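In what follows, a single structure is set out as structure tokens and then discussed.
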Amino acid sequence: MANETKKTSTPLLDELEKGKWPSFVKEIKKMADKNPRAKDLLGQLEQSYKDKVTHWKHGGLVGVRGYGGGVIGRYSDSPDKFPNVAHFHTIRINQPSGWFYTSKALREICDVWEQHGSGLTNMHGSTGDLVLLGTSTDNLEPIFTKLTNKGWDLGGSGSVLRTPSCCAGPARCEFACYDTLDLTYDLTQAYQDVLHRPQFPYKWKFKMSGCPNDCVASVARADMSIIGIWKGDIQVDQEAVRAYAKSGVDVQSEICDLCPTKCMSWDGKDLKIVNKWCNKCMHCINAMPKALRPGKERGAAILIGAKAPILQGAQMSSVLVPFMKMEPPYKELKDLVEKIWDFWGEYGKNRERIGELIQRVGMGQFLEALEIEPKPQMVANPRTNPFIFYEEYFEEEGEQK
Amino acid sequence: MADLSGVPMDELQNEIFKMVQEDMGKKQLKAKDITNAMIQKFGEDKCSKESCKEAIRTLIDSGRLVYGYFGGSSSIQVPHKEGSEPDK
């Protein structure tokens with residue numbers, strides 16, 4: 001690696017330092033004073049802005065021995081001009097559940113990264129991993145050895161189980177309906193093989209949210225969203241509701257009128273809830289956390305099929321299991337997951353997410369293959385197409401004939 | 001080393017390696033494609049998903065085969081110098 005590069009002039013990038021918001025250019029410039037990779041990164045980025053075309057080449061064989069994920073290959077198409085970013089691979093590190101670090105742990109990672117990489121990080125990538133940006137192929141094994149010696153592991157990339165991620169859960173949030181941190185750790189350990197060795201048609205993401213607020217946006221991003229939920233009645237402390245009203249909260253207009261199912265009423269003294277109408281939107285609980293709590297019987301709803309728009313359009317996940325107890329060793333969940341993976345492995349096309357497969361074969365077929373009974377909660381909207389027939393209908397018709 | 005399902009592990013590994021080598025540059029093979037092809041070749045009674053998984057794992061761990069990556073998707077390949085990699 002060439003240690004010295006000419007000081008790069010970056011008039012276009014400099015524009016991105018203006019304004020009140022944080023600037024990635026400012027951060028790269030700080031590192032560029034110490035690290036030649038960061039300096040050439042600025043140069044190549046400026047060139048891309050000038051040419052209006054990327055100068056990165058993506059993908060390839062790079063990785064560490066035995067692992068199929070965790071490293072994303074990236075090369076410059078102008079290595080002569082920017083020799084220090086000729087290789088600029090990304091490394092994904094499996095983050096701890098809920099992104100809790102000690103400052104010592106972060107220092108250890110940064111020390112390794114300043115020695116072997118650009119010193120630039122992304123805290124965190126959209127899947128949740130701690131991302132180290134920019135190193136060369138010959139540095140991969142030394143980085144991997146040093147990090148694993150300190151107890152870290154690589155995250156997922158490619159056709160694998162991507163690093164599971166979760167909200168802060170019961171560590172910091174009173175609404176958590178199950179231990180998201182424990183489930184995330186458990187699934188990460190249980191499925192190490194599929195996390196590191198690509199065996200799937202495409203990527204698979206688990207995201208664990210402790211309650212329907214869904215702070216990790218699992219409903220929009222995860223192939224399997226595991227969202228905390230409760231059965232039974234919302235717990236109400238009427239005294240605390242009255243205290244909210246006394247302190248200025250307009251319970252009628254701010255709580256009852258904003259309830260999407262209009263399941264609550266307020267007579268100035270008591271808040272009454274028709275719990276069977278509640279769709280667990282969390283509005284009332286978020287607005288009056290001292291007065292309302294999720295019900296006592298808690299678990300999770302399992303939703304399936306969300307994805308971002310990569311090959312086809314974006315998709316939200318839909319309910320597969322309305323309620324499942326979420327307690328170690330999570331056998332019921334794991335049995336379901338493995339059944340789905342078998343189905344996906346058998347029928348999924350190359351680069352087809354589970355949501356796309358379900359869309360292709362139909363939810364009915366999917367449920368039948370998994371031997372799951374259809375439930376009303378699976379219905380997202382009333383049907384608009386009258387040409388949907390049920391098996392019983394055909395059977396009855398057949399019998400009549 | 002004999003494999004319980006019938007095909008000796010060495011033979012299975014060599015067949016897998018041959019298949020990946022022959023498809024180099026033509027097809028991005030996934031573990032599933034390889035497994036299906038091997039089961040078809042040797043028959044379900046002699047070759048199982050598990051034995052194919054073990055054979056692929058051994059080939060990867062030994063470095064005879066490697067995982068490739070492009071656009072979020074992975075494949076199994078014979079190690080080679082990448083076209084996108086600059087000359088040193």
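The values are calculated or read from the model by the stated rules, or taken from the named source; none is laboratory data. Everything quoted here is computed from the prediction, not taken from an experiment. Every residue, glycine among them, receives a Cβ derived from its backbone with ideal geometry; neighbour counts consider all protein chains shown. When the accessible area is computed, the model is the full protein with side chains, heavy atoms only, and any ligands, DNA or RNA have been set aside. Shrake-Rupley method; radii C 1.70, N 1.55, O 1.52, S 1.80 Å.
Suppose the chain between A:Asp51 and A:Lys325 were pulled fully straight at 0.36 nm per residue; how much longer would it get relative to their current alpha carbon spacing?
93.1 nm
Report the full-extension gain for the segment A:Cys173 to A:Asp237: residue separation times 0.36 nm, less the Cα-Cα distance, to one decimal in nm.
21.2 nm
Could you check the spin-label model distance between A:Glu27 and A:Arg360? Points 7 Å from the Cα along Cα→Cβ, value in nm.
Rounded to a tenth, the inter-label distance reads 3.8 nm.
Between the range A:295-325 and the range A:171-222, how far is it from one alpha carbon centroid to the other, in angstrom?
Their Cα centres are 11 Å away from one another.
Given springs between every Cα pair under 10 Å in a Gaussian network model of chain B, which of B:Gly71, B:Gly63, B:Gly25 has the largest fluctuation?
Its mean-square fluctuation being the largest, the pick is B:Gly71.
With angles folded into 0 to 90 degrees, how steeply does helix A:103-116 sit against the dominant principal axis of chain A? Use alpha carbons for both and round to 10.
In chain A, helix A:103-116 runs at an angle near 40 degrees to the longest axis.
Taking the alpha-carbon distance from B:Lys49 and a cut-off under 20 Å, which aspartates and glutamates remain once sequence neighbours fewer than 8 residues away in the same chain are dropped?
The qualifying aspartates and glutamates are A:Asp193, A:Asp335, A:Glu338, A:Asp342, A:Glu346, B:Asp3, B:Asp10, B:Glu11, B:Glu15, B:Asp33, B:Asp61.
At q = 0.16, 0.20, 0.22 Å⁻¹, what log₁₀ I(q)/I(0) does a Debye calculation on the Cα points of the range B:1-66 give, no solvent, two decimals?
-0.46, -0.72, -0.87
As a test of understanding, state the convex hull volume per residue of the range A:292-344 from its alpha carbons, in Å³.
Roughly 116 Å³ of hull volume per residue.
Please work out the FRET efficiency for the pair A:Leu370 and A:Ala220, using the Cβ-Cβ distance as r and a Förster radius of 30 Å; give the result to the nearest 0.05. Display every interim value, and only then the final one.
Numbers: r = 23 Å, r/R0 = 0.76.
With a Förster radius of 30 Å, E is 0.85.
Using just the C-alpha positions of the range A:261-353 as equal point scatterers, what log10 of I(q)/I(0) does the Debye formula give at each q in 0.16, 0.17 1/Å?
-0.89, -0.95
Please report, in debye to the nearest 20, how large the charge dipole of chain A is about its Cα centre when each Lys and Arg carries +1 at its beta carbon and each Asp and Glu carries -1 there.
Once rounded to the nearest 20, the dipole reads 1400 debye.
Measure nothing but the geometry: give the 0 to 90° angle between the long axis through the Cα atoms of B:9-23 and the longest principal axis through the Cα atoms of chain B, rounded to 10°.
Long axis of B:9-23 versus the principal axis of chain B: about 40 degrees.
For the range A:34-160, what is the convex hull volume of its Cα atoms per residue in Å³?
It is 116 Å³ per residue.
Say each of B:Lys26 and A:Glu141 gets a label point 7 Å from the Cα, pointing the same way as Cα to Cβ; how far apart are those two points in nm?
3.3 nm
Am I reading the A/B interface right? What is its buried accessible area, both sides, 1.4 Å probe, to the nearest 100 Å²?
2500 Å²
When the Kirkwood radius is taken over all Cα pairs of the range A:11-58, what Stokes-Einstein diffusion coefficient follows at 10 °C and 1.306 mPa s, in µm²/s?
It comes out at roughly 140 µm²/s.
What trypsin sites (Lys or Arg not before Pro) in the range A:36-84 are in a loop by DSSP, with at most 14 other Cβ atoms within 10 Å of the Cβ? Don't jump to the answer; show the numbers that get you there.
On the way: sites: A:Arg37, A:Lys39, A:Lys50, A:Lys52, A:Lys57, A:Arg65, A:Arg74, A:Lys81; in loops: A:Lys52, A:Arg65, A:Lys81.
Filter output for the range A:36-84: A:Lys52, A:Arg65.
Note down the nm distance, to one decimal, between modelled labels 7 Å out along Cα→Cβ at A:Leu12 and at A:Lys272.
So the label points at A:Leu12 and A:Lys272 sit 6.6 nm apart.
Check the straight Cα-Cα distances from A:Lys296 and name the lysines below 18 Å, setting aside those fewer than 8 residues away within the same chain.
A:Lys231, A:Lys272, A:Lys276, A:Lys280, A:Lys325
Can you spot the lysines whose alpha carbon is less than 17 Å from A:Lys203's alpha carbon? Ignore those fewer than 8 places along the same chain.
A:Lys203 reaches A:Lys307, A:Lys339, A:Lys349, B:Lys30, B:Lys32.
When ligands, DNA and RNA are left out and all protein chains stay put, how many square angstrom of accessible area per residue does the range A:50-206 have with a 1.4 Å probe?
Per residue, the range A:50-206 has 37 Å² of solvent-accessible surface.
Per the 1.4 Å probe, what fraction of the accessible area of the protein assembly as shown, in percent, lies on carbon and sulfur atoms? Show your work: numbers first, answer last.
Details: 13060 of 24950 Å².
Its accessible area is 52 percent carbon and sulfur atoms.
Considering the Cα positions of the range A:1-104, please state its Rg to one decimal place and its Dmax as a whole number of Å.
Final numbers for Rg and Dmax: 15.9, 46 Å.
Quick one: check the C-alpha center-to-center distance for the range B:11-44 versus the range A:95-141, whole angstrom.
36 Å
Taking Cα pairs under 8 Å and at least six residues apart, what relative contact order does chain A come out at, in percent?
11 percent
Can you tell me the Rg and Dmax of the protein assembly as shown, counting just the alpha carbons, in angstroms?
Just the Cα atoms of the protein assembly as shown yield Rg and Dmax of 26.4, 86 Å.
Considering chain A as a Gaussian network with a 10 Å cut-off on Cα pairs, which listed residue, A:Ala243, A:Ala190, A:Ala308, attains the greatest mean-square fluctuation?
Looking only at A:Ala243, A:Ala190, A:Ala308, the biggest GNM fluctuation is shown by A:Ala243.
Nearest 5 percent is fine: what portion of the DSSP beta bridges confined to the protein assembly as shown is antiparallel?
Numbers: 40 of 47 bridges.
Close to 85 percent.
So, R0 is 30 Å and r is the distance between the beta-carbons of A:Thr148 and A:Lys81; what FRET efficiency does that work out to, to 0.05?
The computed FRET efficiency comes out at 0.30.
Between A:Thr163, A:Thr145, A:Thr135, which gets the highest mean-square fluctuation from a Gaussian network model of chain A, Cα cutoff 10 Å?
Fluctuation is largest for A:Thr145.
May I ask for the angle, rounded to the nearest 10°, between helix A:137-149 and the longest principal axis of chain A, with both axes built from Cα atoms and the value confined to 0 to 90°?
Orientation of helix A:137-149: about 50 degrees from the principal axis.
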